[in-house]
Amino acid sequence: METIALPEERRQHILTRLNTDGRIEVPEIAKQFDTSVETIRKDLIELEKRGLLKRVHGGALPLNQHPSPLGDQSDGPTDTQRRIGVAAAARLTNGGSVLIDAGTTTQAVVEAIKTPTDTVFITNSLRAAAHLASVATTHFLGGVINAATLGTHGAKTVDQLYALRPDWVVLGADAIDPDYGCSSSDPEIAEVKRNMVSQATQVMVVVEGSKFTTPALVHFAPIDHVDVLITSKDVPQDVRDALAEYDCEVIYT
């Protein structure tokens, strides 16, 4: 963890990381620099104004890099996300109905489903729908399309959720905290997630350990509304101890 005292010094570190990795995620950078998600978001806004990067949902891309037509981000899921995806998919392919949110880790769950299944899937992600349609009955939730994630949001998306009662919902989060719960940096996306949680019988959250950081702007679910949490093994012990206080099954992959 680095402590960067001056905003300009921190912003230079952000640009260096961006040029090295090809993409940055706000929660991960906030944790690295021991600051808030909102501070990093303000840094990205300032750097975008200077023409030094392009902000996308949850992070930023170099100025000359844009999301592909199918919404692929960087080089696809990380090894950590793939492990999370495999663990989650194993619980979702035995029939029933599953609502899956748009996001990079939820997409890793989707891509881990490689053989036909009787499970019925509903999603607001164009990327997820494109894959799931080849292995299962798949329904797509319409609405306003986010250009970066190719997920839908808005009143139309929320209205369609009211008619659903899926067995599971699978969600990602921009940040997660044992006390505050799950949160998103985008109010419209948080509204969709909140309604997904309220309609589902069981809730599964899939996040990398780096997402256990300062809460993002908008809360959408407390930990006691989460039935299964699948994350990576790099979650600090104090966070593990706090999570153990909840009636939530936590799987470290």
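Observations, loosely collected:
- Relative packing of peptides 31-39, 155-163 - highest average C-beta neighbours within 10 Å first: 31-39, 155-163
- Out-of-range pairs (alpha-carbon distance over 18 Å; input K156/K193; K42/K193; K114/K211): K42/K193; K114/K211
- With contacts taken as Cα pairs under 8 Å and at least 6 residues apart, the chain reaches a relative contact order of 16 percent.
- Nonpolar atom fraction for the chain, defined as the carbon and sulfur part of the 1.4 Å probe accessible area, stands at 50 percent.
- For the stretch 129-180, the orientation-averaged shadow of the C-alpha convex hull comes to 5.3 nm² (one quarter of the hull surface).
- Computed [θ] at 222 nm, deg cm²/dmol, the chain (DSSP H ≥ 4; -39,500 (n - 2.57); rounded to nearest 500): -10000 deg cm²/dmol
- Taking other residues whose beta carbon is less than 11 angstrom from the beta carbon of V226, and scoring Lys, Arg as +1 and Asp, Glu as -1, yields -4.
- Residues of the stretch 119-170: accessible area per residue with a 1.4 Å probe, Å²: 41
- If you wrap the tightest convex hull around every Cα atom of the stretch 167-253 and split its volume per residue, you get 75 Å³.
- Peptide ranges 94-101, 106-113 listed from the most packed, as the mean C-beta count within 10 angstrom indicates: 106-113, 94-101
- The local environment of N124, defined by Cβ-Cβ distances under 15 Å, has a net charge of -1 under the rule Lys, Arg +1 and Asp, Glu -1.
- A cut-off of 5 Å between modelled amide H atoms, ignoring neighbours fewer than 5 places along the same chain, links G59 with V26.
- Heavy-atom accessible area per residue - the stretch 1-57, 1.4 Å, Å²: 53
The values are calculated or read from the model by the stated rules, or taken from the named source; none is laboratory data. Note that the structure is predicted; figures quoted are calculated from it, not measured. Neighbour counts run over all protein chains shown; Cβ positions are idealised from the backbone, glycine included. Accessible surface is based on the protein model in full, side chains and every heavy atom, while ligands, DNA and RNA are left aside. Shrake-Rupley method; radii C 1.70, N 1.55, O 1.52, S 1.80 Å.
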